[in-house]
Structure formats: C-alpha cells, structure tokens
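J.: Structure provided below as structure tokens; questions to follow.
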Amino acid sequence: MTPAPIAVALDAPDLETAARWASLVTPHVSTVKVGLELYLRYGPDVIASVRGASGVRVFLDLKLHDIPNTVAGAAKAVSRLRPAILTVHAAGGAAMIEAAVEAAPNTQIAAVTVLTSLSEADLGRIGLNGPAEDAVRRLAVLAVGAGARALVCSPREVAGVRAEVGPDITLITPGVRLAGADAQDQARVATPEQALADGADLLVIGRPITASADPGAAAATIAAALRRKITTP
C-alpha cells in the first residue's frame with residue numbers, strides 16, 4: 001500500500017512523544033515534519049529518532065531567513081542529516097534561496113511564500129502588497145527562478161500557484177483541516193481532499209492526527225480517504 005501524500009507535523013512536547021507519533025503514522029503517510037521548536041530543543045538527534053528504522057522521509061521545517069552566506073552555512077550543516085525537504089523563506093530573496101540550493105544539493109529546498117497564519121489585514125500591516133494570492137504568486141515565481149524545487153503555500157492559493165509554476169514543482173500545503181474542524185491559528189485553510197484536487201503534492205497535517213486518541217488510526221483514516229480521492233476519476 002502506497003503511503004498517502006501527507007507530512008505529519010510532529011509538534012510534540014518531547015522527543016519520546018515525537019518518536020512514538022512517527023512510528024504510529026509511518027505505515028500510512030509518506031513524510032513526517034520536524035519543526036523549529038522540536039529541532040531547537042533536541043538538536044540533530046531528533047531526526048534520527050523520528051526517522052527510526054522505517055526510513056520515512058523527514059521534512060525539516062526550519063524556515064531559514066538570513067543573509068545568503070548564513071543560510072548557506074545553515075543549510076550545509078543540516079544537509080548531513082539527510083532531510084528530504086528543508087524550508088527557507090521566499091521573502092529572503094533570490095540570492096538567499098540560491099545559496100541554500102547550492103549548499104544542500106541532495107535536499108529539496110522548499111520556499112515558504114506567505115505564512116498560513118497571516119490574514120489579508122496582516123499582509124498590509126507588514127507592508128506586503130496583497131491580496132494574499134497575488135503576494136504568494138509573486139514569491140513563488142521568484143523562488144522557482146532562484147532554483148527552489150518546492151513551494152509552501154496555503155490551500156487557498158495552490159491552484160493559482162500551480163498554474164503559475166507548472167507541473168514540475170512540488171507544492172506543499174499547510175493549513176489543512178478536516179471538514180468541520182476548528183481552523184485554530186490558521187487563517188487560510190481547506191480540507192485535505194480540496195487541497196489535493198487543487199494541485200497540492202504534499203499535505204501538512206498536524207493536530208487532526210496527533211491530537212487524536214489514536215494517531216495511527218487517525219492517519220490511516222485520512223490516508224484512506226485521500227487514496228480514494230486519488231484513484232477516483
């Protein structure tokens with residue numbers, strides 16, 4: 001059975017919980033995601049712990065954003081951990097993205113466009129010309145031109161980004177929530193099925209799985225629904 005195109009966000013309180021969640025969901029999903037908090041708390045050891053014996057793909061979501069030389073050094077430092085995906089902020093500019101791509105040639109550099117927590121009003125306050133869909137498309141084009149082979153955008157923008165960058169760029173969508181679920185701290189959300197239908201390649205799903213009493217069963221249920229969506233014409 002092919003794992004579903006889901007990256008489970010392992011936003012766990014401790015390393016043992018993150019590793020347990022990873023072992024429970026790995027039979028059903030393609031990827032597990034390690035975020036900034038978990039990585040800063042436990043360092044490189046967290047990657048080996050969540051990868052375990054399964055060898056599941058690890059998405060290292062550090063959202064690097066600094067001058068090109070510093071980002072290059074950071075990307076090179078973590079590339080030895082063999083993450084499948086590493087995030088940088090597209091707003092860091094073309095030279096920064098190019099530096100990350102060159103420093104980690106065996107890792108897919110994913111450029112984060114506009115955080116899914118930001119609303120239209122937030123964009124105006126930080127001086128980013130909206131609407132969100134236009135801002136995301138501009139940053140997506142910049143990042144792909146700089147060598148990024150993956151982009152992170154909300155499900156609301158994924159169809160427009162796909163039309164802009166074509167079929168060969170991996171589109172990763174956080175802000176995925178099950179039908180009827182609370183959006184929590186995300187401003188621009190969609191269901192897994194809708195995000196996939198609109199052109200997403202990898203869905204980031206966290207609390208709908210990890211907050212469940214049985215994360216493995218929750219992952220299996222969502223994965224089965226997505227596989228039906230993929231195979232149904």
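The values are calculated or read from the model by the stated rules, or taken from the named source; none is laboratory data. As the structure is a computational prediction, the values presented were derived from the model and not from experiment. Cβ placement follows ideal geometry from the backbone for every residue including glycine, while neighbour counts extend to all protein chains displayed.
Residue-by-condition table, conditions (1) closer than 24 Å to Ile169 by Cβ; (2) modelled with pLDDT of 95 or more; (3) touching a Lys or Arg at 6+ places or on another chain (Cβ under 6 Å); (4) crowded, with 19+ Cβ neighbours inside 10 Å:
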site	(1), (2), (3), (4)
Thr191	yes, no, no, no
Gln194	yes, no, no, no
Ala197	yes, no, no, no
Leu202	yes, yes, no, yes
Arg207	no, no, no, no
Ala218	no, no, no, yes
Ala225	no, no, no, no
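J.: If you take the residues of segment 165-187 that are touching a Leu at 6+ places or on another chain (Cβ under 8 Å) and either modelled with pLDDT under 90 or of a type in the set (D, E, K, R) (or both), which of them is surrounded by the fewest Cβ atoms within 10 Å (Cβ to Cβ)?
T.: Step by step, filter segment 165-187, then rank; the result is Ala187.
J.: Does segment 43-75 hold any residues that are more than 20 Å from Ala211 (Cβ to Cβ), at pLDDT 95 or above and in contact with a Ser or Thr (Cβ under 8 Å, 6 or more places away or on another chain), and which are they?
T.: Those that are more than 20 Å from Ala211 (Cβ to Cβ), at pLDDT 95 or above and in contact with a Ser or Thr (Cβ under 8 Å, 6 or more places away or on another chain): Arg57, Val58, Leu60, Leu62, Lys63, Leu64, Ala75.
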